[in-house]
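Remarks on the structure that follows.
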Amino acid sequence: MFSRDNLMLRQACESDLPGLLVCDTYAQAHLARAHELLLWVQQQSCYVALSLNEPVGFVILQYTFFSNGFIPLVCVAESRQRQGVGEFLLMQAEQLCTTPKLFTSTNASNLRAQRLFARAGFVPSGIIENLDEADPELIYFKAVLQASATANPSVKGTTHNPDAPHIGR
């Protein structure tokens, strides 16, 4: 577990799903996203931020982007946005990352995510066209200073498996 101020991070478990769904309004309206969230929890790649034992956001950390750390989703409850929770989640994902490179992405239309990534020290790294019609995916990169196979031994599921298959998204 990691903590800062009144925020704490731990690996999510299935009993956290209702709270994670409260944080993710898109998943509330899209069953496929809710199912994907369940899979991320089962794969031990979902980390939940808690404030006073209540979920206020979560981050997904995987190693599916050419065997590098990749954050496919960072989500903050609407009531806790613009309070540093997103930056906390990205900072914790960086500390958990076991590779020297960490990537994330967002649509060109998502200006809030772009500003969040810039505040967290991510830099633009490329563009992928044709994922969403007329809304390119912007790729961001951050060098991880202390990548290690055991970033935090108290948090399960943080080791990197170089033999795992990788995909671009």
- Task: Could you tell me whether region 110-117 includes any residue that is aromatic (Phe, Trp, Tyr) and open to solvent by 10 Å² or more (accessible area, probe 1.4 Å)?
- Result: no
- For residue 10, state whether it is modelled with pLDDT of 95 or more, touching a Phe, Trp or Tyr at 6+ places or on another chain (Cβ under 8 Å), open to solvent by 30 Å² or more (accessible area, probe 1.4 Å) and of a type in the set (Lys, Arg). yes
- Note on the structure: Checking 99, 104 in turn, the sole residue that is without any contact (Cβ under 8 Å) to a residue 40 or more places away in the chain, β-branched (Val, Ile, Thr) and within 18 Å of residue 66 (Cα to Cα) turns out to be 104
- Filter region 118-142 down to the residues that are among the β-branched types (Val, Ile, Thr) and over 15 Å from the mean Cα position of the chain (by Cα), then identify the one that is most open to solvent (accessible area, probe 1.4 Å). 127
- Task: From (1) in contact with a Lys or Arg (Cβ under 6 Å, 6 or more places away or on another chain); (2) of a type in the set (Phe, Trp, Tyr); (3) open to solvent by less than 60 Å² (accessible area, probe 1.4 Å), pick out the condition that doesn't hold for residue 26.
- Result: (3)
- Task: Considering only region 37-67, state which residues are surrounded by fewer than 19 Cβ atoms within 10 Å (Cβ to Cβ), hydrophobic (A, V, I, L, M, F, W, C), in contact (Cβ under 8 Å) with a residue 40 or more places away in the chain and more than 20 Å from residue 97 (Cβ to Cβ).
- Result: 52
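Kindly provide the set of residues from region 46-64 that are in a strand (DSSP E or B) and among the aliphatic types (A, V, I, L, M), ordered by number.
Across region 46-64, the qualifying residues are 48, 49, 50, 56, 59, 60, 61.
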- By residue number, the members of region 68-105 that are of a type in the set (A, V, I, L, M) and open to solvent by 30 Å² or more (accessible area, probe 1.4 Å) are 74, 91
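The values are calculated or read from the model by the stated rules, or taken from the named source; none is laboratory data. Everything numeric here is computed off the predicted structure, so don't read it as measured data. For neighbour counting, all protein chains shown are included, and Cβ atoms are generated from backbone atoms with ideal geometry for every residue, glycine included. In case anyone asks, the SASA skips ligands and DNA or RNA and just uses the protein heavy atoms, side chains included. Shrake-Rupley method; radii C 1.70, N 1.55, O 1.52, S 1.80 Å.
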